[in-house]
Amino acid sequence: MQLPDHAPFTPDEKSRLEAALAGMPFEKTSWLSAFLAGASQGVISTAAPAAAVSSLKVDIFYGSESGNAEGLAYDAQKSFKKSGLNASVRDLGETQVADLSKVSHALIITSTWGDGEPPDSAVAFHEELMADGAQKLDNLQFSVCALGDTSYEKFCQTGKDFDSRLETLGAQRMVDRKDCDVDYEEPFQQWLDSVTIALTAQTGTTATATVAAAPAAAATAYGKKNPFPAELTEKILLNGRGSAKETLHLEFSLAGSGMTYLPGDSLALVPSNASDVVDSLIEATGFNAAEEVELKNGSLKALNQALAADFDITGLSKNFIEKYNESLQSKELTQLVEDKEKLSSYLHGRQIVDLVEDYPNKKLGPAEFTHLLRKLPPRLYSIASSLAAHPNEVHLTIAVVRYLAHGKERKGVASTFVADQLANGSTAPVYINPNKHFKLPADNNTPIIMVGPGTGIAPFRAFVEERAAVDAKGKNWLFFGDQHYSYDFLYQTEWQEYFSDGILTKLDLAFSRDQQEKIYVQNRMIEKSKELWEWLQDGAYFYVCGDASRMAHDVNEALIKIAETEGGMKRDAAEEYVSGLQKEKRYLRDVY
């Protein structure tokens, strides 16, 4: 459906609405005719900030790992309010399937992490919804907005699960599911526009059916849309000579930003691609580095500058190969994409430049090629400092990624950005990413157990600094592990001082390469199982930060075994106990 030129919308609003209306049945869009006729004749004012509130109630549920889905849920609520719709926001971590039977219109905004898994806070709801015999939801209307990353095989899997299962249980889909990549703002807005139209069509509040453009952020309000240029004031290599690792401690100044954070929050850092990586891609494509390309915002920029600052030029995925092959029409690439095992083997360790070299595509010019690329996403790092201990500062602990694959030296985009491109006195764009699901207990007397090997130590440095600064009386127990005691004991002096001062009640270490048999943090947990169980029985909170693929799973398994041995439970009961800790928000994870 195309809107008439006299429609009372800005060009941006008009294009968004046309995209939202595309493909919708006529009966769901015909009500706009009357609205547009009245608006064009001045009968209906579109300038009013809000309409009369409709009796229709919308319940917005979110499942969030890093805070993006939660933020979008509240954005949707604000937008609905302007359209006269009554909306509430609820965390899936505090929701049961029975709750959905009590609402008429449900929107689910959820992220996916790891290998297609739901966010930690939404695991219990996901399990209940997907279980055999789940409650029927015949009276529910719903729509799902899924957040994900196309570099992962199971892109937006949690949203797909929710969408298909709700339909199976009898719920009616208002608007088709929208799957959003890391650059999610535009597709989310399209979904929100579609939902708004569908809802207002049911209420008849046609005069406020459009979504007002969000006001521009104040120039001094720093955040995701306006990152703060934080000055790097300190960069220290934490590993000793002889280590196989390169772990950096970085300190940035937040003076003048007005930004604040709490222990457990993350700092989003907006990196740039390295010049040699940009040059190698330009050489492989044969493009002119100085040729201008148009960005999404309509501005023009030289190709080499755009590839450095605006696009993800390394992350190779099935989705990118498919888009690249639309013009190339290579039978070999088509067969590769269709063969899951061969595709996985090809993707492992390769980047976009390898695809361009292996399958040259002369049908693509610079503009067409950059159109295939995703926006360069920010990287989230657990904050390693407390504002109470370091006013106007934020600290990070970053492992620099460098490796050899397919005969080429590779490097992590953000980690080598701070390692190689940032010097003391230079600035990097940053903003705070709150994480309300990974916080210290409200009661400072509550004991805490922290498991953070490698760079997973970062938030626990913030936790202990905060507890020391506020003179918290709760006991603190840290499990830390890495490869070698002599040169991989991150923040060694600080931990030893905290321990000698009594701020750190217990310190257990696991250095995997210092003896013939590898020892990890989960092994230390088992060794101290009796005392760890006693702490849990005394109400301790249990935290894990670090690698999701192996460490977090092994730590979870160790926790179950401790419940079996020390709690005298059978396996099923032990699993239920650990699940209960998560539901009580006493077992919290920040894994990646």
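The values are calculated or read from the model by the stated rules, or taken from the named source; none is laboratory data. Because the structure is a prediction, the values reported are computed rather than measured. Ideal geometry is used to build each Cβ from the backbone, glycine not excepted, and the neighbour counts take in all protein chains shown. What goes into the accessible areas is simple: the full protein's heavy atoms, side chains included, and nothing from ligands, DNA or RNA. Shrake-Rupley method; radii C 1.70, N 1.55, O 1.52, S 1.80 Å.
Brief remarks on what is shown
- Restricting attention to region 368-411, the residues that are under 18 Å from the mean Cα position of the chain (by Cα) and without any contact (Cβ under 8 Å) to a residue 60 or more places away in the chain total 0.
- Condition met for Asp115 (surrounded by fewer than 18 Cβ atoms within 10 Å (Cβ to Cβ), without any contact (Cβ under 8 Å) to a residue 12 or more places away in the chain and among the acidic types (Asp, Glu)): no
- Counting the residues of region 287-302 that are assigned to a loop (DSSP other than H, G, I, E, B), open to solvent by less than 60 Å² (accessible area, probe 1.4 Å) and either basic (Lys, Arg) or in contact with a Lys or Arg (Cβ under 8 Å, 6 or more places away or on another chain) (or both) gives 1.
- The residue that is surrounded by the most Cβ atoms within 10 Å (Cβ to Cβ), among those in region 181-209 that are outside any helix (DSSP H, G or I) and of a type in the set (Ser, Thr, Tyr), is Tyr184.
- Cβ-Cβ under 8 Å pairs, at least 6 apart or on other chains, region 420-434 side under 15 Å from Ala274 (Cβ atoms) and in a strand (DSSP E or B), far side open to solvent by less than 30 Å² (accessible area, probe 1.4 Å) and among the small types (Gly, Ala, Ser): Ala428/Ala230
- Any hit, region 448-462, residues being among the charged types (D, E, K, R) and either over 23 Å from the mean Cα position of the chain (by Cα) or over 26 Å from Ala552 (Cα atoms) (or both): no
- Test for Tyr487: is it surrounded by fewer than 19 Cβ atoms within 10 Å (Cβ to Cβ) and assigned to a strand (DSSP E or B): no
- Residue pairs meeting the criteria (Cβ under 8 Å; at least 6 apart or on separate chains; first modelled with pLDDT of 95 or more and of a type in the set (Val, Ile, Thr), in region 517-533; second in a helix (DSSP H, G or I) and open to solvent by less than 70 Å² (accessible area, probe 1.4 Å)): Val521/Met551; Val521/Val555; Ile526/Ala558; Ile526/Ile562
- Scanning region 220-241 for residues that are part of a loop (DSSP other than H, G, I, E, B) and either at pLDDT 95 or above or surrounded by 14 or more Cβ atoms within 10 Å (Cβ to Cβ) (or both) turns up Tyr222, Lys224, Pro227, Leu238, Asn239, Gly240.
- Glu409 fulfils the conditions (1) open to solvent by 70 Å² or more (accessible area, probe 1.4 Å); (2) not in a strand (DSSP E or B) except for a single criterion, (2).
- Subset of region 479-504 (residues that are without any contact (Cβ under 8 Å) to a residue 40 or more places away in the chain and either small (Gly, Ala, Ser) or touching a Phe, Trp or Tyr at 6+ places or on another chain (Cβ under 6 Å) (or both)): Tyr485, Ser500, Gly502
- Candidates Lys178, Lys154, Lys102, filtered to the one that is open to solvent by 50 Å² or more (accessible area, probe 1.4 Å), in contact with a strand residue (DSSP E or B) (Cβ under 6 Å, 6 or more places away or on another chain) and of a type outside the set (Asp, Glu): Lys178
- Residue-level analysis places Ala37 among those that are modelled with pLDDT under 95 and either open to solvent by less than 10 Å² (accessible area, probe 1.4 Å) or of a type in the set (Gly, Ala, Ser) (or both).
- From the list Glu564, Glu557, Glu576, the lone residue that is open to solvent by 70 Å² or more (accessible area, probe 1.4 Å) and either without any contact (Cβ under 8 Å) to a residue 12 or more places away in the chain or part of a helix (DSSP H, G or I) (or both) is Glu576.
- One residue stands out among those in region 55-87 that are hydroxyl-bearing (Ser, Thr, Tyr) and open to solvent by 30 Å² or more (accessible area, probe 1.4 Å): the one that is farthest from Cys156 (Cα to Cα), which is Ser55.
- Unmet criterion (only one of (1) over 27 Å from Leu328 (Cβ atoms); (2) loosely packed, with under 14 Cβ neighbours inside 10 Å) for Glu246: (2)
- Only one entry in Asp501, Asp482, Asp508 is charged (D, E, K, R), more than 28 Å from the chain's Cα centre (by Cα) and surrounded by 16 or more Cβ atoms within 10 Å (Cβ to Cβ), namely Asp508.
- Scanning region 337-360 for residues that are touching a helix residue (DSSP H, G or I) at 6+ places or on another chain (Cβ under 6 Å) and open to solvent by less than 20 Å² (accessible area, probe 1.4 Å) yields Leu343, Val353, Val356.
- Residue match in region 254-275 (condition: open to solvent by 40 Å² or more (accessible area, probe 1.4 Å), out of contact with any Lys or Arg (no Cβ under 8 Å at 6 or more places or on another chain) and either within 24 Å of His484 (Cβ to Cβ) or assigned to a helix (DSSP H, G or I) (or both)): yes
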